[in-house]
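Since the structure comes first, as structure tokens, the remarks are kept for the end.
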Amino acid sequence: MSSIETLPLLLKQLGLPSMLAQWESLAQTAQDKQWSPGAYLAQLCEHEAAGRYQKRVARYTKEAKLPSGKTLSTFDFAATKQVKKAQIEALAENGSWVRQANNVIIFGPSGVGKTHLAAAIGHGLIAQGVRVLFTSTTALVQKLQVAKQQYKLSEALAKLARIPLLILDDIGYVKKTEMETSTLFELIADRYESSSLLITANQPFSEWDSIFPDNMMTVAAVDRLIHHASVISIIEKSYRQTQANEAGLLLADKHA
Ligand code: ADP
Ligand code: MG
């Protein structure tokens, strides 16, 4: 039988840092509360699992580059009639749509909360153990274009494919130069039915001809995106403007 002196070393060798940190204090608790050996071991394992979960969430959060503070709890659902709280919660709290490689597209004019919602869904999914990457579409297209010029596009796409949810913010801002937009098309085609995209857009599909070089490519891109997708359309006034107006009204009231 192994002696207890070897336990710290064994826990270290086995890569169980939380168990290593807690086994002694928990052993005291176990004695005080007269836990069975099995209950003690289960508690210790729970600490290890919780420690791993926290580390993974921290790692995924750092990797995702989501705008901070834009979470479900800071989104005011009362301020918008078109965004259904239950629908957003379902997307943020259940990663099954990402496992099925489905897409989400959020449409709406500037300032209505598209980026906030996209980030909130991302934060929620990280807590469910889903890897996420948030990026402005323009920045990503520029990176892919550089990769293409260096004949490394498929490598770059393969690296992105390892991240099950890619959030492309503001697809409509991509410049319509053939090189850039065909890279965007290649990204969409590469992820089709294999990994998810969450896209925010300030123009409806009917205006996406301004993003892609020709109508055929637009149709092909839209076709792939909507094949397995949830579409959220927000067509109300900017939250920023509404808040500014309300602040203005309050000021006006004071002066009245
Ligand atoms: P969009 O991406 O549609 O242009 P944003 O998501 O950037 O809009 O929203 C603009 C600002 O208003 C952000 O600071 C965002 O957090 C805030 N905002 C928008 N809608 C809401 C809302 N319903 N509740 C709380 N904050 C909101
Ligand atoms: Mg935005």
#### Entry: Failed item in (1) open to solvent by less than 80 Å² (accessible area, probe 1.4 Å); (2) assigned by TED's automatic domain parsing to the domain that holds L168, with L11 passing the rest
(2)
### Query
Checking A50 against (1) of a type in the set (A, V, I, L, M); (2) surrounded by fewer than 14 Cβ atoms within 10 Å (Cβ to Cβ); (3) not in a helix (DSSP H, G or I), which single condition isn't satisfied?
(3)
### Query
Any idea which of (1) touching a helix residue (DSSP H, G or I) at 6+ places or on another chain (Cβ under 9 Å); (2) open to solvent by 40 Å² or more (accessible area, probe 1.4 Å); (3) in a loop (DSSP other than H, G, I, E, B) is the one D190 doesn't satisfy?
(3)
#### Entry: Selection status of A78, touching a residue at least 60 places away in the same chain (Cβ under 8 Å) and either surrounded by fewer than 16 Cβ atoms within 10 Å (Cβ to Cβ) or in contact with a strand residue (DSSP E or B) (Cβ under 6 Å, 6 or more places away or on another chain) (or both)
no
### Query
Could we say that S18 is without any contact (Cβ under 8 Å) to a residue 40 or more places away in the chain and farther than 30 Å from A119 by Cα here?
yes
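The values are calculated or read from the model by the stated rules, or taken from the named source; none is laboratory data. Quantities reported herein were computed from a predicted structural model and do not represent experimental measurements. Ideal geometry is used to build each Cβ from the backbone, glycine not excepted, and the neighbour counts take in all protein chains shown. Surface areas here come from the heavy atoms of the whole protein model, side chains and all, with no ligands, DNA or RNA. Shrake-Rupley method; radii C 1.70, N 1.55, O 1.52, S 1.80 Å.
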